[in-house]
1. Mind checking which aspartates and glutamates have their Cα closer than 17 Å to the Cα of Lys92? Skip sequence neighbours fewer than 8 apart in that chain.
2. Could you give the longest part of the chain that holds none of the GluC sites (Glu not before Pro) found in DSSP loops with at most 15 neighbouring Cβ atoms within 10 Å?
3. Note the full-extension length gain between Arg22 and Ala93 as 0.36 nm times their separation in residues minus their Cα-Cα distance, in nm to one decimal.
4. If I require 15 Å or longer along the helix axis, counting alpha carbons, and a Kyte-Doolittle average no lower than -1.0, what helices from the chain are left? Use full DSSP H segments.
5. Taking Cα pairs under 8 Å and at least six residues apart, what relative contact order does the chain come out at, in percent?
6. To the nearest 20 debye, what is the magnitude of the charge dipole of the range 5-122 about its Cα centre, counting +1 on the Cβ of each Lys and Arg and -1 on the Cβ of each Asp and Glu?
7. How many times 2.2 N^0.38 Å is the alpha carbon radius of gyration of the chain?
8. Cα centroid distance between the range 68-120 and the range 1-22, in Å?
Amino acid sequence: MSVTKRILVVDDEDKILFVLRRALARLREACQVETAQNGRQAFEMALNAPFDLVLTDLQMPDMDGVALTEALRELKPDPAVIWMTAYHCCAKAEEMKRLGVCCCLDKPIEIGEIRRIVSETLWPGLSDRTGFQSL
């Protein structure tokens, strides 16, 4: 029996949340995807039930992706984190290393690429057997 992996997608744009939720929910059968519209909401959700992976935008009102990642790092167990930004990842390299972020993706993000990265992050060694379900 497969262990369900919990993914949280955090972005202040509804369209991005919709697309990523739909794309990642079909990644594997044992995959549960939830969404949050800001960092504070995401952190509250993570306090209530742990996530295996948090995929977060960096630029959001109230609590940005860096502050969210810092808060998540205090949780046990802390989730894997992937950042997304429209403002170039290279500017965040030092913060990524300091916070143990898996990777940073520049927007716009290709659905196939995000599926591959999430799959490799959650199921290392199984990337050649993706298990994608068609949209």
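Read-outs throughout are calculated quantities, based only on the coordinates presented, and are distinct from any laboratory measurement. Owing to the predicted nature of the structure, the values given are computational and were not obtained by experimental measurement. Here the Cβ is made from the backbone with ideal geometry for all residues, glycine too, and neighbour counts use every protein chain on show.
1. Asp57, Asp64, Glu70, Asp106
2. It works out to 30-73.
3. 22.7 nm
4. Flagged H segments are 14-25, 111-122.
5. Computed value for the chain: 24 percent relative contact order.
6. It works out to roughly 420 debye.
7. Scaled against compact globular proteins, the figure is 0.97.
8. So the two Cα centres are separated by 14 Å.
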